[in-house]
Amino acid sequence: MKSIHRVVFAAVAITFASIAIQPVLAHHSGAGFSRETIQLSGTVKEFQFRNPHSWIQVNVPDPSGKTVEWSIEWGSPNQLGREGIRPSSFTPGMSITMKVHPMANGSPVGGFVGAKMSDGKTIGKWDAE
Amino acid sequence: MRIKTLTMLCGLSISLMFSPLSFAQEAAVTPFAQLPDWSGLWSMMGGTIFDRSTQTGSGGAIDHGVREHPPYTPEYEKIYMKHLALRDIDRYPDVITNCGVPVGFPRILNLPDAYEFVVRPDIFYIVTENGPNTMRVYTDGRKLPAKEDTWGTYTGVSVGHWEGDTLVWETIGLKGSRDNDSILDRTGLILSDQARITTRMRKVNENTLEARMVIEDPKALTKPWNVTKQFRKSKKPGLFMYDYGCAENQRNPVDSATGKTLILGADGKPVN
């Protein structure tokens, strides 16, 4: 079973994601992120719950079996904290599936959309895209 | 002799209390009990387009093709067009991305994240989490300084007074575009160091604050520019404001050679 599901929703999920991206990119230009949504499955390495943006580092096996560390950018911890997100929301070793807007150039970096934990719990805009 | 001296001192004190200077100071200050309640956590409504009423193009300030239409002079329209052209090739970095300068006024009324508006008889504070930034409006009866006593700062100097439940203040002494490090939003809107802004701020309902600005700028504008920003009060009680260290986890530095805002990957190297 492939543990990376780079499901490009080209026809059904190329979403006009600028609204979703805006809060993530409050600090800098949005240049570089694609508007398509992909899914990644992997293991959380680190949750950088720090300003100006949070970053989730996730180890994701690629189709060849090689592990690639993805950097997923999210909002300010201040704003996220008021919405109930905590540093413990993503802990090292946690198995996770994420929806992200990846870099258009193929780099393992993306903007966070939502995440689904192994127990089925979701975070972010998992159901929106 | 002692009684006579005391009587003289009392008389002097009373005459000072009612001197024109002290009377003017006291008359201008609104007692705390008469001030409106603007407590709580607030957030700006809408995106960070400074003047949405004149926006053309769809999307936010970073989206290609989006612009606003202030009544710019030809000189400032040309500068704005240059900024827009750079923004459209993703080479117009936000000045605050370098984590070194305040956003200044009026951009302080155009920020994401939380706000606090602190009302006191002698002063009004705008406190923003993003940045963080602070702006002071003195309401203690003082006058604006003479032009030669200002030298151009990001937030300028502001003096105001209360007209019922409306705070009215004037701001001068802004640095504007002098050093290319003070903008109004990410489309590249700017003002000059001649800007003078009159702001009227009040609650339009229990959960909405409104700031109406009239921006005059003989160098940058052909006529007054009216811009309104609104803020919504959080309904959740007990929320906290936090600090915001822009440089704490800065993974989006600006490449000074190209103006490109970089994105740093897991190894700390740019991926774009």
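The values are calculated or read from the model by the stated rules, or taken from the named source; none is laboratory data. Remember, predicted model here, so these are calculated numbers, not experimental data. Cβ atoms come from the backbone with ideal geometry, glycine included; neighbour counts cover every protein chain shown.
Here are the numbers for the structure shown:
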read-out: Tally of residues being exposed (fewer than 13 other Cβ atoms within 10 Å of the Cβ) and of a type outside the set (Gly, Ala, Ser) across segment B:246-272; value: 3
read-out: Close pairs from segment B:40-63: first without any contact (Cβ under 8 Å) to a residue 24 or more places away in the chain and among the acidic types (Asp, Glu), partner surrounded by fewer than 18 Cβ atoms within 10 Å (Cβ to Cβ) and assigned to a loop (DSSP other than H, G, I, E, B), Cβ under 9 Å, at least 6 apart; value: B:Asp63/B:Gly57
read-out: Candidate set from segment B:126-144 (those that are part of a loop (DSSP other than H, G, I, E, B) and of a type in the set (Lys, Arg)); member that is nearest to the other protein chains (Cβ to nearest Cβ); value: B:Arg142
read-out: Breaking point among (1) assigned to a loop (DSSP other than H, G, I, E, B); (2) within 27 Å of B:Thr153 (Cβ to Cβ), for B:Ser58; value: (2)
read-out: Test: residue in segment B:231-245 that is surrounded by 16 or more Cβ atoms within 10 Å (Cβ to Cβ), within 14 Å of chain A (Cβ to nearest Cβ), over 30 Å from B:Gly164 (Cβ atoms) and free of Cβ contacts under 8 Å to residues at least 24 places away in the same chain; value: no
read-out: Failed item in (1) touching a Phe, Trp or Tyr at 6+ places or on another chain (Cβ under 9 Å); (2) over 24 Å from B:Ala247 (Cβ atoms); (3) facing chain B (nearest Cβ under 10 Å), with A:Gly106 passing the rest; value: (1)
read-out: Condition met for A:Met94 (in contact (Cβ under 8 Å) with a residue 40 or more places away in the chain and within 14 Å of chain B (Cβ to nearest Cβ)); value: no
read-out: Cβ pairs under 7 Å, 6+ apart, first in segment B:181-197 and within 14 Å of chain A (Cβ to nearest Cβ), second acidic (Asp, Glu) and part of a loop (DSSP other than H, G, I, E, B); value: B:Arg186/B:Asp94; B:Thr187/B:Glu68
read-out: Residues within segment A:48-86 that are among the polar types (S, T, N, Q), crowded, with 20+ Cβ neighbours inside 10 Å and more than 7 Å from every other protein chain (Cβ to nearest Cβ), tallied; value: 1
read-out: Matching residues, segment B:65-82, being surrounded by 15 or more Cβ atoms within 10 Å (Cβ to Cβ) and not in a loop (DSSP other than H, G, I, E, B); value: B:Arg67, B:Tyr72, B:Tyr76, B:Glu77, B:Ile79, B:Tyr80
read-out: Subset of segment B:145-161 [among the hydrophobic types (A, V, I, L, M, F, W, C) and either within 19 Å of B:Ser177 (Cα to Cα) or part of a strand (DSSP E or B) (or both)]; value: B:Trp151, B:Val157, B:Val159
read-out: Filtered residues of segment B:102-125 (kept if of a type outside the set (Asp, Glu), in contact with a helix residue (DSSP H, G or I) (Cβ under 8 Å, 6 or more places away or on another chain), within 14 Å of chain A (Cβ to nearest Cβ) and part of a loop (DSSP other than H, G, I, E, B)); value: B:Val103, B:Pro112
read-out: Complete set of residues in segment B:143-180 that are of a type in the set (Lys, Arg) and either without any contact (Cβ under 8 Å) to a residue 60 or more places away in the chain or in contact with a Cys (Cβ under 6 Å, 6 or more places away or on another chain) (or both); value: B:Lys143, B:Lys147, B:Arg178
read-out: Residue match in segment B:210-229 (condition: over 26 Å from B:Tyr76 (Cβ atoms), away from chain A (no Cβ under 14 Å) and surrounded by fewer than 19 Cβ atoms within 10 Å (Cβ to Cβ)); value: yes
read-out: Unmet requirement for B:Asp90, which otherwise passes all of (1) within 12 Å of chain A (Cβ to nearest Cβ); (2) part of a helix (DSSP H, G or I); value: (2)
read-out: Number of positions in segment B:42-56 that are surrounded by fewer than 14 Cβ atoms within 10 Å (Cβ to Cβ) and over 20 Å from B:Val204 (Cβ atoms); value: 1
read-out: Residues within segment B:254-272 that are part of a loop (DSSP other than H, G, I, E, B), at the interface with another protein chain (Cβ under 9 Å from one of its Cβ atoms) and at pLDDT 90 or above, tallied; value: 6
read-out: Segment B:162-188, residues that are closer than 18 Å to B:Thr228 by Cβ and either under 14 Å from the mean Cα position of the chain (by Cα) or not in a loop (DSSP other than H, G, I, E, B) (or both); value: B:Glu163, B:Thr166, B:Leu167, B:Val168, B:Trp169, B:Glu170, B:Thr171, B:Leu184, B:Asp185
